[in-house]
Amino acid sequence: MTSRNVAHDEYYGIQTIGVTKAFDGVKALDDVTFTIPIFGMTSIVGPNGSGKSTLVNLLTGVLPFDEGIVKIETNSFSVIHAHETPDHGITRTFQEVRLFDQMTVWDNMMVVLTNRKLFPSMIERSKSEHRDKAEEILKQVGMWEKRESMAGELSYGQRKLLEIGRAMALDVQVYILDEPFAGLFPQMLERVKDLLRDIRSNGRTVVFISHNMDIVRELSDHIIVLESGKFLLAGEVEDILNRPEVIRAYLGA
Amino acid sequence: MNGNATTASPSLFERGMLMLREKGDLELYANVFVIGWAVIFTLWQGVGFAVTLGTVFCIWAILSVSLNLVVGYTGLLSVGHIGFFGIGAYGMAILTSDTSYELLRTESIPQFGLPFFAALPICVLAAGVAAVVVGVVFNRFRDDIYVLVSFGFAIIAFNVFLSWRALTRGAYGIPDVQRPQIGSWVADGEIEFLALCVVFLLIVVGISWFLVSSSFGRVLKAIREDEQVAQVFGYQTTYYKLAIWVISAMMAGLAGGLLGSFTTFVDPNSFILLESMLLVSIVILGGLASIRGSLLGALAFVLLEEGMRFITYLPSEFIGQVRQVVLGVMLVLLMLFRPQGLAGRYKL
């Protein structure tokens with residue numbers, strides 16, 4: 001476990017120390033140690049199968065990790081439960097868009113906003129503050145007109161927008177977006193970029209996975225490079241992307 | 001000029017298919033058909049028959065609405081709901097029945113002699129307590145395995161009713177279950193009992209509606225759609241599943257208590273796995289995640305069950321089978337052409 005190239009060490013948001021995850025003996029993540037700074041936008045890049053999505057799943061408790069520690073702000077965790085993710089100040093989207101398909105767009109938003117306590121939620125009807133927030137976000141992501149539609153009936157791009165919107169409705173510090181730009185039309189692409197910038201401009205941390213190096217260059221302040229389950233490099237974008245080992249490993253040139 | 005000749009109008013079959021897929025129309029027809037059927041039956045067989053029909057309907061409606069909370073809203077396909085129904089019925093029978101004078105002394109069971117209204121809350125609670133235990137175990141499973149595990153619960157429950165003879169008198173059943181009584185007033189008339197059942201049905205429908213239209217209900221639907229995502233957004237889904245499971249089981253226990261008192265005789269054959277399957281069929285036929293659909297499904301089922309008796313040229317020993325075949329065929333057709341059921345919006 002070596003601490004390498006940790007930018008803004010004193011302002012870390014999320015830190016992994018020696019995190020390891022194996023599927024049937026094959027290590028998807030091997031002794032991964034890095035820091036996601038609390039400021040700005042961080043992109044996680046790496047070839048297919050380098051463990052990017054696995055990493056996000058570990059950080060949000062969707063998968064348990066085998067070894068290592070995750071530090072979120074000042075707390076250390078060796079186990080992360082999925083339902084505690086918002087308490088840790090984190091929310092996420094999924095690579096394969098996961099909406100509540102047989103619920104309306106509106107209900108998809110409201111689920112994220114309502115009371116998390118079991119018994120109070122039984123008597124809670126929709127509150128005006130929740131409705132206002134849902135309306136605000138739906139207008140921001142351009143899905144307000146579609147609020148009565150079933151989420152499963154939306155087009156792919158709309159589903160992506162709604163999923164990002166659903167994450168944005170949660171008031172947390174860190175937004176982890178798993179491939180928010182994959183498979184989008186150029187117009188939609190600009191829209192998603194703007195949403196990410198909006199989140200950042202509110203002083204929140206954006207972490208995203210992308211294969212599109214132009215977008216990575218354009219948007220992110222920091223970059224973390226993974227390669228076949230191992231941490232490769234981290235740092236400022238321009239600095240990292242011009243390194244020969246990154247070009248060789250990732251761009252294959 | 002002859003535009004009509006080039007664009008062929010949809011065939012009758014195509015229009016029929018379109019109608020089946022569209023919401024609204026079919027639901028309306030089904031409502032009109034089933035309710036019309038009930039009215040015709042009443043006119044034909046008299047009010048006395050309608051009262052019996054209404055009581056049986058109320059009991060099955062409570063059951064199907066309660067099961068819909070679990071299957072339709074939360075997406076937990078449980079085929080073991082009949083177990084809680086049985087716990088309610090046996091609770092009522094054991095707590096209120098006086099079997100001491102029975103000839104079958106060998107099968108004597110403890111005598112409690114509680115009145116109906118004291119026994120009913122105990123039935124509901126007993127079903128609830130059983131549901132907590134079962135639910136904690138069930139929460140470890142999901143999807144196909146969940147179906148199998150609930151299947152196992154139905155079988156276990158039946159065998160407990162059959163074999164715990166010190167409490168249930170096994171296959172002999174428990175006779176003389178009490179009718180509701182307040183002071184000197186006994187609801188032995190069928191109409192009074194129907195009124196009582198209607199009140200309980202309204203309470204169950206009211207509670208169910210209140211729950212599913214709350215934030216809690218929305219989370220249940222989210223769990224049905226994608227439990228893991230619901231977790232990532234901060235919901236401890238196991239508690240939500242357990243809560244609705246217990247509430248639903250308590251309603252089934254209530255229905256069981258009413259059934260025991262209504263028939264005044266309880267035996268294990270009312271709680272076989274097949275009845276549980278029929279109940280699941282009612283919920284799916286009526287429409288998942290639709291309380292109205294469950295009421296409609298229960299009414300259609302009760303009409304089908306009672307109506308078969310009046311087909312005079314049908315030998316009585318086949319009635320049960322024919323009923324199941326009809327239900328089975330309806331279920332297959334519906335799954336083919338309208339997987340969300342008559343009044344539902346959701347698919348399994």
Legend entry - Potential extension, B:R309-B:A171 segment - 0.36 nm per residue separation minus Cα distance: 47.1 nm
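Work out the mean other chain Cβ neighbour count within 10 Å for the residues of A:88-94 and drop it here as an integer. Walk me through the numbers on the way to the answer.
On the way: counts 1, 0, 1, 3, 3, 2, 4.
Going residue by residue through A:88-94 and averaging, the value is 2.
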Inset, instruction - Would you tally the net charge around A:G89, using a Cβ to Cβ cut-off of less than 13 Å, leaving A:G89 out, and scoring K and R as +1, D and E as -1? - result: -1
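Under the √(5λ) rule applied to the eigenvalues of the Cα gyration tensor, what semi-axes describe the equivalent ellipsoid of region B:32-134? Give them in Å, descending. Please report the intermediate quantities before stating the final value.
Values: eigenvalues 184, 116, 24 Å².
After diagonalising the Cα gyration tensor, the semi-axes are 30, 24, 11 Å.
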Inset, instruction - Can you tell me the FRET efficiency between B:F112 and B:V198 if r is taken as the Cβ-Cβ distance and R0 is 25 Å, rounded to the nearest 0.05? - result: 0.35
Legend entry - Alpha carbon centroid spacing (whole Å) that separates region B:269-348 from region A:168-196: 47 Å
Inset, instruction - Check each of the trypsin sites (Lys or Arg not before Pro) in region B:134-165 and keep only those in coil by DSSP with at most 16 other C-beta atoms within 10 angstrom; list them in order. - result: B:R140, B:R142
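Express the C-alpha Rg of region B:23-337 as a ratio against the empirical globular expectation 2.2 N^0.38 Å, rounded to two decimals.
Numbers: Rg = 19.5 Å, N = 315, 2.2 N^0.38 = 19.6 Å.
That works out to 1.00 for region B:23-337.
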Inset, instruction - Within the set of other residues whose C-beta is less than 11 Å from the C-beta of A:N57, count the net charge using Lys and Arg as +1 and Asp and Glu as -1. - result: +2
Inset, instruction - Could you tally the net charge around B:Y346, taking each other residue with its Cβ under 11 Å from the Cβ of B:Y346, Lys/Arg +1 and Asp/Glu -1? - result: +2
Inset, instruction - Normalising by the residue count of region B:55-186, find the relative contact order in percent from Cα pairs under 8 Å and 6+ residues apart. - result: 34 percent
Legend entry - DSSP-defined antiparallel bridges as percent of all bridges, the protein assembly as shown, nearest 5: 60 percent
Legend entry - Kirkwood Rh, Cα atoms: Rg over Rh of the protein assembly as shown: 1.08
Legend entry - Nearest-ten-degree value, helix A:186-201 long axis tilted from longest Cα axis of chain A: 80 degrees
Legend entry - Spacing of the two label points (7 Å from each Cα toward its C-beta) at B:K347 and A:K27, in nm: 4.3 nm
Inset, instruction - Set Lys and Arg Cβ to +1 and Asp and Glu Cβ to -1, take the dipole of region B:23-337 about its Cα centre, and tell me which of B:S213, B:A50, B:V326 lies farthest positive. - result: B:S213
Inset, instruction - Would you please state which residues of region A:211-226 a label at A:E236 would reach in this model, taking the label point 7 Å out along Cα→Cβ and a backbone N cut-off of under 20 Å? - result: A:214-225
Inset, instruction - With an 8 Å cut-off on Cα pairs and a minimum separation of 6 or more residues, tell me the relative contact order of chain B in percent. - result: 31 percent
Legend entry - A:D101, A:D24 arranged by Cβ crowding within 10 Å, fewest neighbours leading: A:D24, A:D101
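Which helices of chain B meet both criteria: a Cα extent of 18 Å or more along the helical axis and a mean Kyte-Doolittle score no lower than 1.0, with helices taken as whole DSSP H segments? Let's see the in-between values first.
Numbers: long enough: B:25-45 (30 Å, 1.14); B:47-68 (30 Å, 1.85); B:82-96 (21 Å, 1.65); B:116-138 (32 Å, 2.64); B:143-163 (30 Å, 1.65); B:190-212 (32 Å, 2.48); B:237-263 (39 Å, 1.09); B:273-286 (20 Å, 2.34); B:291-307 (23 Å, 1.21); B:316-337 (32 Å, 1.70).
Once both thresholds are applied, what remains is B:25-45, B:47-68, B:82-96, B:116-138, B:143-163, B:190-212, B:237-263, B:273-286, B:291-307, B:316-337.
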Inset, instruction - Could you tell me how many degrees, from 0 to 90 and to the nearest 10, lie between the Cα long axis of helix A:156-168 and the main elongation axis, the longest principal axis, of the Cα atoms of chain A? - result: 90 degrees
Legend entry - Unpartnered cysteines - no second Cys beta carbon under 4.7 Å - across chain B: B:C123
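Pairs of Cα atoms under 8 Å, at least six residues apart: use those to get the relative contact order of chain A, whole percent.
On the way: 464 pairs, mean separation 68.9, N = 253.
Once divided by the residue count of chain A, the mean separation gives 27 percent.
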Legend entry - Where labels lie 7 Å past Cα in the beta-carbon direction, separation of B:V132 and A:R217 in nm: 6.3 nm
Legend entry - Radius, Kirkwood style, for chain A when every pair of distinct Cα atoms is counted (Å): 18.8 Å
Inset, instruction - Using R₀ = 35 Å, calculate the FRET efficiency as 1/(1 + (r/R₀)^6) where r is the Cβ-Cβ separation of A:E145 and B:I35; round to 0.05. - result: 0.40
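Each value in this text was obtained by applying a stated rule to the coordinates, not by laboratory testing. These numbers come from a predicted model, not from an experiment. Every residue, glycine as well, gets a Cβ built from its backbone with ideal geometry; the counts of neighbours run over all protein chains shown.
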